Amino acid sequence: MARNLEPQCRQCRREGLKLYLKGDRCYTDKCGITRKASAPGQHGTSRRKLSEYGLQLREKQKVRRIYGVLEKQFSKYFDIAENMKGITGENLLQILERRLDNVVYRLGFASSRAQARQFVRHGHITVNGKKVNIPSYITDVGETIAVRAKSASEVEHFKALREGTGRAVVPWLQVDYEKLEGTLASLPSREDIDIEIQEHLIVELYSR
């Protein structure tokens, strides 16, 4: 399965802000962008004004990196969003938020989207009681996402979750940490997405 192998801290430095790709580490002094905020490469410390196209491209790359999606799949999501009713940019973000790996992260079952993707691939996650190992699976309203019973009893990470309270969960999800399961209560609205994204720049880029 194709995935981005570029070092995660390097990706944050390239975008000039924290993308929280390493979970808890991003909140510590070990965070790459905290230690060295300049962009990677020989000319990383130089400053230059981006063109309109450059701003649009950087916004698209930022969103791709946040959600861990490669170019071909991101373009496919945009085509789907464009053909849906409503605002294309908001539709795109809604699709990305409904990816199974993102939902597992949003439920607090993983500290990062990368870790959530790994949990899904290793078969630790079920949807409506059936094992789903495809991170790009698009969840729907009413579906129940849970940690497999065997994984919940054997994997230390999940055992610790039951003892803790987890972190704040977005309004469109409901979670029960004792059962290690959550439900998609509604579709995510633009107001529910707490990431600084200018989705109109991505729409403008693909409209060129």
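Where a number appears in this text, it was derived from the coordinates with a stated rule and is not lab data. On a predicted model such as this, the values are computed, not experimentally measured, just so you know. No Cβ is skipped: glycine too gets one built from the backbone with ideal geometry, and neighbour counts run over all protein chains shown.
So the values come out like this:
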{"quantity": "Relative packing of 114-120, 173-179, 61-67, 141-147, which averages over residues the other C-beta atoms within 10 Å, highest first", "calculated": "114-120, 61-67, 141-147, 173-179"}
{"quantity": "Fraction of the pair-distance distribution of region 101-184 above 15 Å, Cα-Cα pairs, percent", "calculated": "49"}
{"quantity": "Whole-Hz couplings from phi, Karplus 6.51/-1.76/1.60, listed for region 153-161; x for Gly and Pro", "calculated": "8, 10, 8, 4, 4, 6, 4, 5, 4"}
